[in-house]
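The values are calculated or read from the model by the stated rules, or taken from the named source; none is laboratory data. Source: prediction; values computed, not measured. Positions of Cβ are backbone-derived with ideal geometry, glycine not excepted, and every protein chain shown enters the neighbour counts. Each accessible area value is taken on the protein alone, full model and side chains, heavy atoms only, with ligands, DNA and RNA left out. Shrake-Rupley method; radii C 1.70, N 1.55, O 1.52, S 1.80 Å.
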Amino acid sequence: VMLINKAATRSWAATDFPGIERSLFRNTEHGGRASFVRLAAGSRFPRHTHQGGEEVVVIAGRVAIGGVDLDAGDYLHTDAGEEHDVVALSDAVIFVSSQKPTPLVE
């Protein structure tokens with residue numbers, strides 16, 4: 001079944017982390033999910049472990065993931081077992097697609 005999430009009707013939900021909101025596209029069959037994440041400048045998503053691969057595309061703004069600065073259009077792939085945090089260097093939107101859950105380390 002085709003799933004469509006139109007920008008004009010997209011809804012955002014607050015997360016447990018100040019300045020970070022999520023617009024969920026779908027949950028995967030293995031506990032992962034695909035979503036846009038909107039981060040206010042200076043916000044931080046804590047260090048977490050990947051149980052499966054993850055792909056990130058920076059849609060707008062600038063973030064640091066695992067200490068690597070990424071700008072709009074940049075792509076990052078994380079393998080299972082890797083850890084990182086996410087820090088918003090400016091207001092930003094990222095697309096995140098994870099295969100499996102990503103429990104927090106800290």
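Worth pointing out:
- Top of V96, V58, V68 by mean-square fluctuation, Gaussian network on the chain, Cα under 10 Å: V68
- Those GluC sites (Glu not before Pro) in segment 1-96 that DSSP places in a loop and that have at most 14 other beta carbons within 10 Å: E29, E82
- Where (i) 1.05; (ii) 0.94; (iii) 1.12 are the candidate values, the label of the one calculated here for Rg/Rh (Cα atoms, Kirkwood Rh) is (ii).
- Taking only protein heavy atoms and a 1.4 Å probe, the accessible area of the chain is 52% carbon and sulfur.
- Comparing mean-square fluctuations of H84, H48, H30 from a GNM of the chain with C-alpha springs under 10 Å, the top value falls on H30.
- Residue range of the chain that is longest and free of trypsin sites (Lys or Arg not before Pro) which are both DSSP loop and sparsely packed (at most 14 other C-beta within 10 Å): 11-106
- Heavy-atom surface of the chain, accessible at 1.4 Å and reported per residue (Å²): 57 Å²
- Between T15, T78, T49, the Gaussian network model of the chain with springs among Cα atoms under 10 angstrom shows the greatest mean-square fluctuation at T15.
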